[in-house]
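Novice: Encoded as structure tokens, here's the structure I'll be asking about.
The values are calculated or read from the model by the stated rules, or taken from the named source; none is laboratory data. Model, not experiment: these values are computed from the prediction. We place every Cβ from the backbone using ideal geometry, glycine too, and count neighbours over all the protein chains shown. The accessibility values were calculated without ligands, DNA or RNA, using every heavy atom of the protein model including side chains. Shrake-Rupley method; radii C 1.70, N 1.55, O 1.52, S 1.80 Å.
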Amino acid sequence: MNTSLKSFNTFGIQANAKRITVVESVNELAGAWADAISNKQPAMILGEGSNVLFLSDFDGTVIVNRIKGIEVTEQDDAWLLHIGAGENWHQLVEKTLQRGIPGLENLALIPGCAGSAPIQNIGAYGVEIKQVCQYVDCIDLNSGQALRLDSEQCQFGYRESIFKRADYKHYAIVAVGLRLTKAWQPVLTYGSLTQLDPKTVSAQKIFDCVCEMRRSKLPDPKVNGNAGSFFKNPVIATEQAQALFAHYSNVPHYLQPDGQVKLAAGWLIDQCQLKGYRMGGAAVHRQQALVIINEDNASSEDIVALAHYIRQQVGNKFNVWLEPEVRFIGTNQEVNALEAIA
Ligand code: FAD
Ligand code: EPU
């Protein structure tokens, strides 16, 4: 039986699990979980492994979610999509556009499963999934009970949702409901999208433009293992931002509705001259400093050491302390990523 997790995480880290089970239905998923529990083994659910770092071998069962199915219901004013959690996100984006359904084009090329998308409220190029997410269907793996959380109950924030909370760790997401309005409006606020004409632009054109921007900056995990942005963009208080701007007037930043300021972590890392900086087999990506790549058979220790170094350099220079976006998995369960690199 294959127990290597290497092809199940986009960092391409070699780690083993006691058992890897690919599930295609809710019953299979619940059964695999119950088996592990009755054998007193730890268990975790994995999508496509594009936001995880395995720190060590996993001493239990990894349940790989491949629950498929896309149902589309057309209403007068919107399309309602019910999507199996194991569907590939980017293929979903492509399929909707092929069917003439716009709304997901800014979120093209984000790796991972549709069911993982609400967990960190995936976002890119001015759009987050919370804007179209109607509900998330889960099962409570302890009781077997099914429940549906509406968008508000999901408590979406920047790279946040209720599904990251410790008391929701035993909930498996099995399906996601999206509502894509027919009153489509292009979102052209970010990067080269701002150069497109809102009067004539099509969703397909935005999709092509987003794919081009992403391919020019972000490493392809098939070539160099990575998990996208390693850190979150830090959100700091107005006073701290003003002090920072007094020294560095050109920091890329985004004002938040509550008055706080989000900074571009990639820029902060870049200013520390860290592009291409290497520790063991891990390196800071040369086109996008927010991404750590597995350049040459990196171990998770290499990646953790590099993340620690980056955090210290940025903290010492700017007094801004970065926090990982990537989820760290230890021997039995997820571990606190910030503590691991601090
Ligand atoms: P995994 O990595 O498999 O899992 C992530 C976490 O969710 C784990 O803790 C896992 O245990 C848990 N989990 C997975 N499935 C379930 C389930 N069904 N039920 C309960 N818990 C579950 N993210 C963005 O937001 N925007 C981007 O632009 C972006 N760009 C990226 C670019 C690259 C090249 C890469 C590699 C990653 C990028 N990411 C981006 C991060 C990543 O794509 C997203 O976080 C994605 O949603 C992860 O999906 P996954 O299926 O791979 O999740
Ligand atoms: N920048 C630099 N040097 C760098 C990297 C960035 O100066 O090495 C500057 C850029 O010039 C730009 C700013 O920083 O002015 C922001 O860079 P970019 O547009 O590349 O976006 P980002 O803030 O680094 C975020 C998300 C990405 C998402 C993009 C596009 C986070 C943590 N990351 O990156 O999401 O695709 O915006 O919307 O919010 C992910 O979460 O894994 C991810 C890739």
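Novice: Within the range 304-328, which residues are open to solvent by 10 Å² or more (accessible area, probe 1.4 Å) and within 16 Å of ligand 1 (Cβ to nearest atom)?
Specialist: Answer for the range 304-328, where residues must be open to solvent by 10 Å² or more (accessible area, probe 1.4 Å) and within 16 Å of ligand 1 (Cβ to nearest atom): E323, P324, E325, R327.
Novice: Follow-up question, since we're still on this one. Quick check on the range 173-196. Is at least one of its residues within 25 Å of A337 (Cα to Cα) and open to solvent by less than 80 Å² (accessible area, probe 1.4 Å)?
Specialist: Checking the range 173-196: at least one residue is within 25 Å of A337 (Cα to Cα) and open to solvent by less than 80 Å² (accessible area, probe 1.4 Å).
Novice: Got a number for residues in the range 247-261 being under 17 Å from A289 (Cα atoms) and either touching a Ser or Thr at 6+ places or on another chain (Cβ under 8 Å) or buried (at least 16 other Cβ atoms within 10 Å of the Cβ) (or both)?
Specialist: Going through the range 247-261 one residue at a time, the tally reaches 2.
Novice: Looking only at strands (runs of 3 or more DSSP E) that fall completely inside the range 18-70, which ones have 1 or more residues that are of a type in the set (S, T, N, Q)?
Specialist: 58-65
Novice: Six or more apart or on different chains, Cβ under 6 Å: which pairs go from a residue in the range 278-306 that's basic (K, R) to one that's within 8 Å of ligand 2 (Cβ to nearest atom) and open to solvent by 10 Å² or more (accessible area, probe 1.4 Å)? Could you list them?
Specialist: Listed by first residue and then by second, the contacts come to R286/K275.
Novice: Related question: List pairs: first in the range 203-221 and over 23 Å from N297 (Cα atoms), second of a type in the set (D, E, K, R) and more than 10 Å from ligand 1 (Cβ to nearest atom), Cβ under 7 Å, 6+ apart or cross-chain?
Specialist: Between residues of the range 203-221 that are over 23 Å from N297 (Cα atoms) and residues that are of a type in the set (D, E, K, R) and more than 10 Å from ligand 1 (Cβ to nearest atom), the close pairs are A203/E105; I206/E105; F207/E105; V210/E105.
Novice: Pairs, please: C-beta under 8 Å, at least 6 apart or cross-chain, first residue in the same structural domain as V261 (by TED's automatic domain parsing) and in the range 239-250, second assigned to a helix (DSSP H, G or I) and open to solvent by less than 60 Å² (accessible area, probe 1.4 Å)?
Specialist: Every condition considered, the pairs that remain are L244/F318; Y248/F318.
Novice: Would you check if K232 is touching a strand residue (DSSP E or B) at 6+ places or on another chain (Cβ under 9 Å), surrounded by fewer than 21 Cβ atoms within 10 Å (Cβ to Cβ) and not assigned by TED's automatic domain parsing to the domain that holds D57?
Specialist: So K232 fits the description; yes.
Novice: With the structure loaded, tell me whether R148 is away from ligand 2 (no atom under 13 Å from the Cβ), open to solvent by 70 Å² or more (accessible area, probe 1.4 Å) and not in a loop (DSSP other than H, G, I, E, B) or whether it fails that test.
Specialist: Details: away from ligand 2 (no atom under 13 Å from the Cβ): yes; open to solvent by 70 Å² or more (accessible area, probe 1.4 Å): yes; not in a loop (DSSP other than H, G, I, E, B): yes.
Against the criterion (away from ligand 2 (no atom under 13 Å from the Cβ), open to solvent by 70 Å² or more (accessible area, probe 1.4 Å) and not in a loop (DSSP other than H, G, I, E, B)), R148 qualifies.
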